[in-house]
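The values are calculated or read from the model by the stated rules, or taken from the named source; none is laboratory data. What you see is a predicted model; the values in this text were computed from it and never measured. Backbone-built Cβ (ideal geometry, glycine too); neighbour counts: all protein chains shown. Note: accessible area is taken over every heavy atom of the protein model, side chains too, but ligands, DNA and RNA are not part of it. Shrake-Rupley method; radii C 1.70, N 1.55, O 1.52, S 1.80 Å.
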Amino acid sequence: MDARFVETLTPFLPFLRGETITEDTPLRTYGLDSMQAIELMFALEDNLGVSLPDEVLVEETFTTAGSLWRATQTARGTGAATATVESV
């Protein structure tokens, strides 16, 4: 996960309380709800320059930071399944 992704994701996780986001970070546990998921999708598209296709806009995509990261990378065309975690 890169710094821009983490910076975009962080404001949508109100219960994170300064913890480091990892690929295993459960998004719902840290406060992401379905309405915020839509806003997050738009923020990721704007900030990362991607367009998330409809087929990835499912609950599983928004389960963990890693699953969402992989979806953005697939949309970018890189298909990166894993990446280095960068702290903000």
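Computed values, structure above
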| read-out | value |
| --- | --- |
| Answer from Ala65, Ala75 - the residue that is in contact with a Leu (Cβ under 7 Å, 6 or more places away or on another chain) and either of a type in the set (Asp, Glu) or modelled with pLDDT under 95 (or both) | Ala75 |
| Among residues of the range 20-68, those that are part of a helix (DSSP H, G or I) and on the phi > 0 side of the Ramachandran plot, counted | 0 |
| Residues satisfying the stated conditions in the range 33-57, i.e. open to solvent by less than 60 Å² (accessible area, probe 1.4 Å) and over 14 Å from Glu7 (Cβ atoms) | Gln36, Ala37, Met41, Glu45, Val50, Leu52, Pro53, Val56 |
| Flag if Arg17 is open to solvent by 20 Å² or more (accessible area, probe 1.4 Å) and at positive phi | yes |
| Close pairs (9 angstrom Cβ cut-off, 6 or more residues apart or separate chains): in contact (Cβ under 8 Å) with a residue 40 or more places away in the chain and of a type in the set (Phe, Trp, Tyr) in the range 5-26, open to solvent by 40 Å² or more (accessible area, probe 1.4 Å) and not in a loop (DSSP other than H, G, I, E, B) anywhere | Phe5/Asn47 |
| Output for the range 1-18, where each listed residue is closer than 18 Å to Ser67 by Cβ, outside any helix (DSSP H, G or I) and out of contact with any Phe, Trp or Tyr (no Cβ under 7 Å at 6 or more places or on another chain) | Asp2 |
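To keep it simple, each residue is scored yes or no on (1) more than 12 Å from the chain's Cα centre (by Cα); (2) within 20 Å of Arg76 (Cα to Cα).
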{"residue": "Phe15", "(1), (2)": "yes, no"}
{"residue": "Glu23", "(1), (2)": "no, yes"}
{"residue": "Pro26", "(1), (2)": "no, no"}
{"residue": "Gly31", "(1), (2)": "yes, no"}
{"residue": "Met41", "(1), (2)": "no, yes"}
{"residue": "Asp46", "(1), (2)": "yes, yes"}
{"residue": "Pro53", "(1), (2)": "yes, yes"}
{"residue": "Val58", "(1), (2)": "yes, yes"}
{"residue": "Thr63", "(1), (2)": "no, yes"}
